[in-house]
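What follows is a short report on a single structure.
What follows is calculated from the coordinates using simple rules that are stated; it is not laboratory data. The structure presented is a predicted model; accordingly, all values stated were derived computationally and were not measured. A quick note on method: Cβ atoms are made from the backbone with ideal geometry, for glycine too, and the neighbour counts reach across all protein chains shown.
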Amino acid sequence: MPQRLFPLLFLLLALLAGCGAKDEPLAALEAAVQELQDNLQAKRSNSVLEQLHPQFRAQQQFDREWAQRTMLLMFLRHKKVEVLALSKASYLNETYSEKGHTEAQVALIGAEGLIPDSARHFTVEMEWWREGEEWKLARLSWQ
């Protein structure tokens, strides 16, 4: 009896491993989103810039240089920066597997001391492009 179960268990494990491989790009995308949040909060602008695709565009008009200047201004203005993802969901493009999307509700909070002196809420949409094993942020829009 145990010998008959071995092929069935092997097949089940192979199927589960296949499912894991299918989810790997999505897991990597979600890790990239978390890394972006962590880098912004830690004020690591160079790390953020490394996550941006060379063809990065924000609001269909701003580029990587704009992102760099904006981060510099925000990081100089606020001693402490917090990026709170109130909700976020990532998914892969069904027709083009090298693209992923993240939609999030984000609170951006800046403070000089313990008490925040600025806080804004945004609905953010991000389009990520996969280059090899890495996801790069290519498009960013917010409301």
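Here are some notes:
- The H on the amide N of residue 43, modeled in the peptide plane, is under 5 Å from the matching H of no residue at least 5 residues off or on a different chain.
- Net charge in the neighbourhood of residue 107 (other residues with Cβ under 11 Å of its Cβ; Lys, Arg +1, Asp, Glu -1) is 0.
- Between the amide H of residue 93 and those of 99, 100, 101, distances stay under 5 Å, these residues lying 5 or more places away or on another chain, with hydrogens modeled in the peptide plane.
- Counted by Cβ distance under 12 Å from residue 47, the other residues give a net charge of -1, where Lys and Arg count +1 and Asp and Glu count -1.
- In this calculation the C-beta distance from residue 105 to residue 55 is compared with R0 = 30 Å, giving a FRET efficiency of 0.70.
- Beta bridges by DSSP in region 23-142, antiparallel share as percent, to the nearest 5: 90 percent
- Note on residue 99: lysines with a C-alpha under 26 Å away, same-chain residues under 8 apart excluded, are 22, 88, 136.
- The simple spin-label model puts a point 7 Å past each Cα toward its Cβ; for residue 28 and residue 127 those points are separated by 2.0 nm.
- Using a simple spin-label model with pseudo-atoms 7 Å out from Cα toward Cβ, residue 142 and residue 66 lie 1.2 nm apart.
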